[in-house]
1. Count charges around residue 140 for me, please; just the other residues with Cβ under 15 Å from its Cβ, Lys/Arg as +1, Asp/Glu as -1.
2. Considering amide H positions built from the backbone, and no H for Pro or chain starts, which residues 5 or more places from residue 57, or on another chain, come under 5 Å of its amide H?
3. Sorted by accessible area with a 1.4 angstrom probe, largest first, how do 75, 141, 128 fall?
4. State, as an integer percentage, the relative contact order of the range 31-156 based on alpha-carbon contacts under 8 Å between residues 6 or more apart.
5. What residue among 80, 62, 48 shows peak mean-square fluctuation when the chain is described by a Gaussian network model with Cα springs under 10 Å?
6. For residue 51, what accessible surface area do you get with a 1.4 Å probe? Give it in Å², rounded to 10.
7. What pairs in 16/115; 55/115; 103/145; 24/145; 58/145 have C-alpha atoms more than 23 Å from each other?
8. Counting only Cα, what are the radius of gyration and maximum Cα-Cα distance Dmax of the chain, in Å?
Amino acid sequence: MLIIRDVPFSQSSLIKDLWEKNRKYHENISEHFGFLYANLIFEERINAFGMFDDKHIKISIAEVNGNLCGYCISTFEGAAGETHTLHVDKSERGSGIGRKLMKEHISWMKNNGCKDINITVSVENINTIEFYKSLGFKPNTIEMKLADREDGSLCL
């Protein structure tokens, strides 16, 4: 049975293992920028959300039969909302968990007065782009990068 519940920021460490799977996923799918994901550290990334009070951040986890299988983190400021990260374990993808998490987060942001809701997706993450399109999101801009690799060479 699927249970989706919100957790306070103080319990965000519950998602660490799934976050790490998400980090590795992005490291592996990125043709040019996988190295940017290689050294990301959960505690550093999650602590950046500490600037939001409980009213302005929503952290939800999904459990199937007591096993954590997904999470979503969204925030808002004024009329602008953003989903920062969504991940569903590979074993549960396609079961509707990501859609349920996103619908709850979109509703939460709208109920808090958000007129604009954004999400950033890696251009190489085609399945996820299509997933967000199915929820009504539309492409807006593409960020281009010229980044130094760990070995000092440029991504060309």
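The values are calculated or read from the model by the stated rules, or taken from the named source; none is laboratory data. Remember, it's a predicted structure, so these values are computed and weren't measured experimentally. As a convention, Cβ positions derive from the backbone with ideal geometry for all residues, glycine included, and neighbour counts pool all protein chains shown. Accessible surface is based on the protein model in full, side chains and every heavy atom, while ligands, DNA and RNA are left aside. Shrake-Rupley method; radii C 1.70, N 1.55, O 1.52, S 1.80 Å.
1. Working: positive: 115, 133, 138; negative: 82, 116, 143.
For residues surrounding residue 140, the net value is 0.
2. Amide H neighbours of residue 57, under 5 Å, 5+ apart: none.
3. Details: 75 5, 141 115, 128 40 Å².
Output order, biggest surface exposure first: 141, 128, 75.
4. Details: 129 pairs, mean separation 24.0, N = 126.
So the answer I get is 19 percent.
5. Fluctuation is largest for 48.
6. 140 Å²
7. Details: 16/115 30 Å; 55/115 17 Å; 103/145 31 Å; 24/145 20 Å; 58/145 30 Å.
Cα-Cα > 23 Å for 16/115; 103/145; 58/145; rest within.
8. 15.9, 49
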